[in-house]
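Taking it in order: structure first as structure tokens, then the write-up.
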Amino acid sequence: RSPFQLALPMGKCQSRSCPRRSSSSGCADSLPEILRPYTADTELRVDVEGLRQFLKLEQGEDGERAEAWIAERSSDGALMRLDLLLLDEAANAILDAQAAAREDPRDRALSDYFISASHNTYLSGNQLTSSASVEALSHALRMGVRVIELDVSDGAKGSPIVKHGGTMTRPVLFSDCVAALLEHVDEETAPLIVTLGNGCGPEAQREIARSLRGILGERLFVPPPDGPSELTFEAVAGRVLVRDKPSRCVPELLALVSIANVRIAGTQKGGSSPVPEDGWRKARLAAAAAGRPPSSSIDEEELLAAAAAANGVAALRALTASELLRVYPSGKRVGSTNLDPLPTWRCGGQMAALNYQAHDRAVWINQGKFAANGGCGWVLKPPRLLCGASAAAALAPAPLLLRVSVLSGHDLPPPEPGLIERSLMRSTSRSSRRSLFASEGSGGGGRPDSPGSPNRCKPPARKSAVDPFVVIEVTGAAADAADKCSARTQTVSGGGENPEWGETFEFEVAEPDVAVLLFTVWDEDVLSADDFMGQYALPVRCLRRGVRCVPLRRADGTPHEGAPCLLVRVESESQKQEGKAI
């Protein structure tokens with residue numbers, strides 16, 4: 001098993017197999033027990049001074065921020081239900097809006113960022129027989145994706161079409177896809193990179209160029225004739241950048257290509273095989289000949305083979321410190337299951353391209369990671385992965401001891417049976433069923449209907465008894481993944497919409513600056529696979545201390561009606577130790 005593979009939920013708290021990383025520390029205080037010292041009566045009502053003390057001592061908030069919170073909610077000294085105040089996602093979300101706010105060091109090179117990326121963005125389902133659609137593309141863009149892929153081929157009468165080449169997928173017009181981009185690009189947005197899989201003849205390529213110029217207008221970044229020496233975030237903010245293989249482009253299209261997509265010759269799949277230095281050198285020369293900054297695409301198997309070689313991770317980090325790398329799913333994933341994005345990020349790769357038609361764990365973690373920086377789809381790499389990092393910057397941060405108490409659920413949504421593709425439920429054993437995403441299909445796949453289909457948003461009928469449990473995972477570092485840094489609450493039999501748990505778990509987070517915390521809620525079934533109820537992910541570095549609201553999202557990332565949530569208590573402390581190079 002690769003040390004890079006994702007930590008998977010195993011249905012039981014992982015403390016039994018990995019006490020160093022995740023442990024259950026017994027029952028937490030219940031929500032009423034936490035709140036009672038600050039309240040005036042048994043109904044958990046609080047006056048202004050009690051609320052002020054709660055915010056200061058429990059939530060770690062005082063000063064202007066706390067006073068503004070109090071002023072918005074207090075009315076003529078009337079008592080307030082503190083437990084109900086905590087359910088307000090806008091004011092009490094677990095995501096710290098200040099820590100996650102947009103921060104653009106705009107002079108940074110594009111290679112200094114992780115970028116939310118997608119694979120075959122136009123497909124609504126599997127890789128062989130589904131339809132290409134504008135809605136699938138728009139769904140990914142609404143989810144914050146900033147690197148899309150369009151495979152373009154010759155259509156009737158010279159009109160380029162988008163479809164998965166060599167398959168029975170149904171096409172959509174290239175011009176319709178380009179028009180859909182306009183809604184997601186303006187002067188305030190981060191750059192949007194369009195990777196073209198260019199299988200067109202000369203005339204269709206000229207039509208591609210005409211569509212890009214005519215539809216996008218000033219939103220299209222057109223490089224200077226002699227080519228950009230280096231692209232910075234500031235230079236291309238709010239623009240669409242075209243990424244293509246220069247050797248395949250006619251002059252009219254090449255003039256619009258900002259980033260050269262060059263193949264690294266000699267990469268291997270399986271085993272341990274470093275990225276060939278000669279292959280990188282030739283790729284750079286090919287890009288230089290076209291006067292464009294170089295980038296490369298490899299599949300997940302090639303990445304894992306390169307990383308497994310001696311000093312493989314260090315070599316990949318050195319290369320990606322100054323050049324863009326996109327990693328896409330293996331061709332074996334015909335059901336649109338997803339690759340594990342963590343190896344790409346750990347090796348410094350900027351773009352882990354996911355199948356966004358699969359509403360699965362890999363996509364949820366990706367959404368959590370890119371909740372930072374205002375959710376713009378671009379997140380700065382940590383200093384140790386940047387070009388020219390100093391010796392001090394190359395050290396790992398001190399581990400973080402993270403304590404999460406799952407207190408209660410509120411207005412939980414009905415289960416969504418059958419949402420996760422049945423092919424992922426390979427085993428009939430209960431423990432294997434709870435490990436929903438086996439390493440072969442890590443991340444899993446979604447239903448083959450359109451991401452925007454009404455079937456996805458129609459609330460399923462609630463069964464007579466709901467038996468919810470919560471899985472908590474910390475992912476991000478190889479050490480966390482290898483140790484299965486995850487935990488599971490007990491099932492609340494018949495817990496329904498408002499269950500109470502009162503369980504605490506501890507995690508030693510190896511690299512808190514890149515870690516993602518994922519919550520998933522499930523309805524336990526005895527005779528079939530557990531049913532999905534909700535999920536939410538966020539960067540560990542953007543957590544808020546105290547009793548916080550975890551808003552639950554559908555599998556496709558959209559909000560539920562009725563604002564279902566968990567209430568959890570978050571505590572953390574830095575574990576002092578000598579820094580280690582990683």
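The set of residues from region 67-94 being of a type in the set (A, V, I, L, M, F, W, C) and open to solvent by less than 40 Å² (accessible area, probe 1.4 Å) comprises Trp69, Ile70, Met80, Leu82, Leu85, Leu86, Ala91, Ala93, Ile94.
Determine, yes or no, whether Thr167 is at pLDDT 95 or above and under 28 Å from Asn355 (Cβ atoms).
Criteria not met by Thr167.
Considering region 538-567, the residues that are in contact (Cβ under 8 Å) with a residue 60 or more places away in the chain and basic (Lys, Arg) include one that is surrounded by the fewest Cβ atoms within 10 Å (Cβ to Cβ), namely Arg545.
Being among the acidic types (Asp, Glu) and under 18 Å from the mean Cα position of the chain (by Cα) is a description that does not apply to Asp154. Within region 252-277, residues that are closer than 17 Å to Ala308 by Cβ sit with their Cβ atoms under 7 Å from residues that are open to solvent by 30 Å² or more (accessible area, probe 1.4 Å) and charged (D, E, K, R), at 6+ positions apart or across chains, in these pairs: Gly266/Asp278; Lys269/Glu301; Gly270/Glu301.
Can you confirm whether Cys485 is buried (at least 23 other Cβ atoms within 10 Å of the Cβ), at pLDDT below 95, under 24 Å from the mean Cα position of the chain (by Cα) and not small (Gly, Ala, Ser)? When the stated conditions are applied, Cys485 passes them. Is it the case that region 527-534 has a residue that's in contact with a helix residue (DSSP H, G or I) (Cβ under 9 Å, 6 or more places away or on another chain), among the small types (Gly, Ala, Ser) and open to solvent by less than 20 Å² (accessible area, probe 1.4 Å)? No, because not a single residue in region 527-534 is in contact with a helix residue (DSSP H, G or I) (Cβ under 9 Å, 6 or more places away or on another chain), among the small types (Gly, Ala, Ser) and open to solvent by less than 20 Å² (accessible area, probe 1.4 Å).
Those strands (runs of 3 or more DSSP E) of region 505-582 in which 3 or more residues are touching a Leu at 6+ places or on another chain (Cβ under 8 Å) and at pLDDT below 95 occupy 565-574. Scoring Asn92 on the criteria (1) out of contact with any Lys or Arg (no Cβ under 9 Å at 6 or more places or on another chain); (2) among the polar types (S, T, N, Q); (3) at pLDDT 90 or above leaves a single failure, condition (1).
For Glu234, are the conditions met, namely being open to solvent by 50 Å² or more (accessible area, probe 1.4 Å), closer than 25 Å to Phe370 by Cα and under 24 Å from the mean Cα position of the chain (by Cα)?
Numbers: open to solvent by 50 Å² or more (accessible area, probe 1.4 Å): yes; closer than 25 Å to Phe370 by Cα: yes; under 24 Å from the mean Cα position of the chain (by Cα): yes.
Considered against the rule, which asks whether it is open to solvent by 50 Å² or more (accessible area, probe 1.4 Å), closer than 25 Å to Phe370 by Cα and under 24 Å from the mean Cα position of the chain (by Cα), Glu234 comes out as yes.
Close Cβ contacts (under 7 Å, 6 or more residues apart or on different chains) running from residues in region 127-150 that are on the phi > 0 side of the Ramachandran plot to residues that are assigned to a helix (DSSP H, G or I) and open to solvent by 10 Å² or more (accessible area, probe 1.4 Å) comprise Gly144/Gly375.
The listed residues are Leu6, Leu55, Leu87, and the only one of them that is modelled with pLDDT of 80 or more, assigned to a loop (DSSP other than H, G, I, E, B) and within 31 Å of the chain's Cα centre (by Cα) turns out to be Leu87. How about region 214-231: which of its residues are over 22 Å from Ala289 (Cβ atoms) and open to solvent by 30 Å² or more (accessible area, probe 1.4 Å)? Scanning region 214-231 gives Gly214, Ile215, Gly217, Glu218, Arg219.
Residue pairs whose Cβ atoms lie under 7 Å apart, sitting 6 or more positions apart in sequence or on different chains, and linking a residue in region 178-190 that is more than 21 Å from Val379 (Cβ to Cβ) to a partner that is open to solvent by less than 60 Å² (accessible area, probe 1.4 Å) and not hydrophobic (A, V, I, L, M, F, W, C), are Val178/Ser211; Ala180/Ser138; Leu182/Arg219.
Limited to region 361-378, what total is found for residues that are part of a helix (DSSP H, G or I) and touching an Asp or Glu at 6+ places or on another chain (Cβ under 9 Å)? Can you show your working first?
First, the residues of region 361-378 that are part of a helix (DSSP H, G or I): 361-369, 373-375.
When the remaining residues are screened for being touching an Asp or Glu at 6+ places or on another chain (Cβ under 9 Å), the result is 361-363, 365, 373-374.
Selection size over region 361-378: 6.
The set of residues in region 203-238 that are of a type in the set (Gly, Ala, Ser) and at pLDDT 90 or above comprises Ala204, Ala209, Ser211, Gly214, Gly217, Ala235, Ala237, Gly238.
Quick one: would you say Ala314 is closer than 28 Å to Arg219 by Cβ and surrounded by fewer than 16 Cβ atoms within 10 Å (Cβ to Cβ)?
No; evaluated as a whole, the condition is false for this residue.
For Leu325, indicate whether it is at pLDDT 95 or above, within 26 Å of Val550 (Cβ to Cβ) and open to solvent by less than 10 Å² (accessible area, probe 1.4 Å). Against the criterion (at pLDDT 95 or above, within 26 Å of Val550 (Cβ to Cβ) and open to solvent by less than 10 Å² (accessible area, probe 1.4 Å)), Leu325 does not qualify.
The values are calculated or read from the model by the stated rules, or taken from the named source; none is laboratory data. Computed from a prediction, not measured in an experiment: that's the story for all the values here. Cβ sites come from the backbone with ideal geometry, for glycine too, and all protein chains shown count toward neighbours. In case anyone asks, the SASA skips ligands and DNA or RNA and just uses the protein heavy atoms, side chains included. Shrake-Rupley method; radii C 1.70, N 1.55, O 1.52, S 1.80 Å.
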